[in-house]
Amino acid sequence: MAFTERSAQTRAAILAAAQRAFAADGYDRATIRSIAADAGIDPSMVIRYFGSKAALYTAASTIDLAVPALTDDPAEAAASYVRAMLARWESGDNAAEAVLLRAAPTRPDAAGQVQEIFDREIVPAVRAARPDDPHVRERAALLLSQSLGVVYCRYLLGIEPLASMDVDTLAAMVANAVAGHLTSPLPTEPSTLPS
């Protein structure tokens, strides 16, 4: 086996162990030692490959959502988006997302990563589907809030009955809400909520 293949395997093992540790324990409680033990290597190797715990965290929480192209038909766009989002979480192909979303409420750098993903992936997808809409960012933010609400309640917190709801039923209900976020009229003037 070539050195580069071993290096790639070691790096992958460290990243997988880090994702498990950060997802289970959070950033503050996860340690380089525990990550190294899970990966079956010496802790110095973690530093060799990633430099620091913070850099390892960044690598372990890097996400490409691969947001599907949103069509002009809001119902179809919403259904496609929701199915893709739920499929990642149902299949367990979401370790980096879990790491990032568990850390985001308490770590400003993680919250900043969520903002970057929103700006890089969600906003352009909505803009492509609704190029003439002056409320693209607001609609994208509502779409993200709907997604994060489902993810936190179903997958991260296990809130019932959402946690055990049939995934097809969940997809249909969430898609209806997302379609509304994409099409409902938004006020042109700011208003204040009654006190």
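Coordinate-derived values only; no laboratory data. Here the structure is a predicted model, which is why all the values come from computation and not from measurement. Heads up, the Cβs are rebuilt from the backbone with ideal geometry, glycines too, and the neighbour counts pull from every protein chain shown.
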Value at 222 nm in deg cm²/dmol, rounded to 500, when DSSP H runs of n ≥ 4 in the chain each add -39,500 (n - 2.57): -20500 deg cm²/dmol
Residue-count net charge about residue 48 - beta-carbon cut-off 14 Å; Lys, Arg +1, Asp, Glu -1: +2
Gaussian network model of the chain, springs between alpha carbon atoms under 10 Å - residue of 137, 29, 88 with greatest fluctuation: 29
Relative contact order (percent, whole number), the stretch 3-60, Cα cutoff 8 Å, 6+ residue spacing: 37 percent
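What's the extension gain from residue 106 to residue 138 if we count 0.36 nm per residue and subtract their Cα-Cα distance?
Taking 0.36 nm per residue and subtracting the Cα distance, the gain is 9.1 nm.
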Selection from 110, 159, 51, by position along the positive dipole direction of the chain (Cβ): 51
Entry for Cα extents along the principal axes in Å (calculated from the structure that is shown) out of (i) 57, 43, 34; (ii) 65, 36, 31; (iii) 61, 42, 34: (i)
Unit charges on C-beta of K, R, D, E only; dipole of the stretch 74-183, Debye: 180 debye
Zone of residue 127's modelled label, taken as backbone nitrogen in the stretch 61-91 under 16 Å from a point 7 Å along Cα→Cβ: 67, 69-70
Segment residue 93-residue 69, extension gain: residue separation times 0.36 nm, minus the distance between their alpha carbons: 6.7 nm
Total charge dipole magnitude, the stretch 3-157, about the Cα centre, Cβ charges on Lys, Arg, Asp, Glu only, Debye to nearest 20: 560 debye
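If you take every residue apart from residue 173 with its C-beta less than 15 Å away from the C-beta of residue 173, what net charge results, scoring Lys and Arg +1 and Asp and Glu -1?
Values: positive: 83, 154; negative: 166, 168.
Counting the neighbours of residue 173, the net charge comes to 0.
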Alpha-carbon centroid distance for the pair the stretch 4-44 / the stretch 122-163, whole angstrom: 31 Å
Point-to-point label distance, residue 47-residue 4, nm (Cα→Cβ direction, 7 Å offset): 2.8 nm
